[in-house]
Amino acid sequence: MQYVLRVLYLGVAAVVAAAAVIALVFGVGSLPEVSDISMRKGTNSAGIFFDLHNRGFLPDCVVDVEVLGEAHMGEQALRAELHRTVMEDNVMRMVKVDKVCVPPFSTVKLRGAEGEGYHIMVFGEVEHFDSFHVHLKMESGKVIHFDVQPLGTGYQHSH
Ligand SMILES: [Cu+2]
């Protein structure tokens with residue numbers, strides 16, 4: 001009788017432990033956030049740069065980006081792409097990429113020529129806007145939202 005109870009108890013404990021692990025991995029999943037945001041305006045284009053962190057237990061990827069320019073006259077959606085700067089035959093050029101992934105407990109630098117070359121490129125009449133709202137859509141369904149001012153420092157919203 002006591003043996004049966006002990007086996008039952010161990011069984012329950014194992015199920016509880018397994019449920020806790022599943023909750024940790026799938027409940028928390030990835031924890032993506034950004035820091036050190038900056039922006040450089042060019043002519044009819046701008047680069048947005050930041051560090052992408054993942055403090056969670058699962059990998060995640062940026063799969064889409066939306067950028068809204070804000071000015072006195074209102075907001076306007078701008079064309080935005082995930083880019084990577086690459087060297088080909090000693091010539092630096094930018095290519096469009098579908099996603100930028102960050103492993104668990106890691107950081108990927110989206111800083112243009114620095115590091116792996118990733119960055120966000122915005123196209124349009126960027127000189128008309130004072131501020132830019134950026135939404136990064138993650139593969140997990142999570143969305144990172146931050147604002148950035150050219151030559152200024154951006155800050156991340158917590159939602
Ligand atoms: Cu680019």
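Table for the structure above
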read-out	value
Computed [θ] at 222 nm, helices only, for the chain once each DSSP H run of length n ≥ 4 contributes -39500 (n - 2.57)	-4500 deg cm²/dmol
Enclosed volume per residue, in Å³, of the convex hull spanned by Cα atoms of the chain	134 Å³
Förster radius 41 Å - calculated FRET efficiency between D89 and E125, Cβ distance, rounded to 0.05	0.80
Peptides ranked, highest mean first, by Cβ atoms within 10 Å: ranges 112-119, 59-66, 85-92	59-66, 112-119, 85-92
Segment V4-E66, extension gain: residue separation times 0.36 nm, minus the distance between their alpha carbons	16.4 nm
Degrees separating the helix 2-22 axis from the principal Cα axis of the chain, which is the longest one	0 degrees
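Values in this text are rule-based calculations from the coordinates and carry no lab data. Computed from a predicted model, the values in this text were never measured in an experiment. Cβ coordinates were reconstructed from backbone atoms using ideal geometry, including for glycine residues, and neighbour counts include every protein chain displayed.
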